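Readers should treat all values here as calculations from the given coordinates under stated rules, not as data from a laboratory. Note that the coordinates shown come from a computational prediction; the quantities given were computed from them, not determined experimentally. Methodologically, a virtual Cβ is constructed for each residue, glycine included, from the backbone with ideal geometry; neighbour enumeration extends over all protein chains shown.
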Amino acid sequence: MFDKVLLAIDVTHEESWHKALPMALRLVGEIGELHLLGIVHDLGSALLATYLPEGFEKDALEHMKRDLDTFVAEKIPAGVKASVHVGHGHVPQTVISVADAIDADLIVMASHPPDDLGTMLVGSNADKVVRHAARPVLVVR
């Protein structure tokens with residue numbers, strides 16, 4: 001069992017947690033802590049940001065927090081110690097940064113299907129976390 005497991009998810013995409021959540025729950029057992037991380041993606045362009053409504057980023061972070069709190073209430077069994085974290089930025093970098101900040105023993109992430117065109121062209125977030133994290137990473141397929 002692990003003391004602290006960080007599970008990076010996108011609550012709007014079931015494939016990011018459907019298989020990974022049960023695995024993370026098994027790994028924390030009855031005494032570990034499950035830390036769920038939702039990330040508001042960095043849009044990557046200051047020019048693009050000028051077209052967004054004022055307060056967009058703040059609203060997006062608050063919305064992500066509410067969604068994660070609802071997810072915990074609906075999907076995490078009673079008695080499991082669960083914490084919610086919200087990040088903003090480049091997904092792999094944010095996952096690694098939060099894992100470092102909470103001193104996670106393990107990072108759990110779902111992988112994209114291997115035939116996903118976006119993965120082939122850009123590389124998966126899980127792959128980047130595996131290559132750059134200084135702690136164990138479990139990729140659930």
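Details
- Local electrostatic count, Met109, Cβ distance below 12 Å [Lys/Arg +1, Asp/Glu -1]: 0
- Amide H partners (placed H, <5 Å) of Val108, local residues excluded: Leu6, Leu7, Ala8, Leu138
- 5 angstrom amide H check on His88, placed H, neighbours 5+ away: Val40
- Based on the convex hull around the alpha carbon atoms, segment 4-140 presents an average projected area of 8.7 nm².
- Coupling constants for segment 124-141 follow from the phi torsions by the Karplus curve (6.51 cos²θ - 1.76 cosθ + 1.60, θ = phi - 60°), and in residue order they are 7, 4, 4, 4, 5, 5, 4, 6, 10, 6, 9, 9, x, 10, 10, 9, 9, 10 Hz; glycine and proline get x.
- Under the combined filter of DSSP loop state and at most 11 neighbouring Cβ atoms within 10 Å, segment 1-95 retains these GluC sites (Glu not before Pro): Glu30, Glu54.
- About the Cα centre, charge dipole magnitude for segment 4-140 (Lys/Arg +1, Asp/Glu -1 at Cβ), debye: 360 debye
- Using alpha-carbon coordinates, inclination of helix 91-102 to the longest axis of the chain, degrees: 50 degrees
- With Cα atoms, 0 to 90° folded angle of helix 56-75 axis to the chain main axis: 20 degrees
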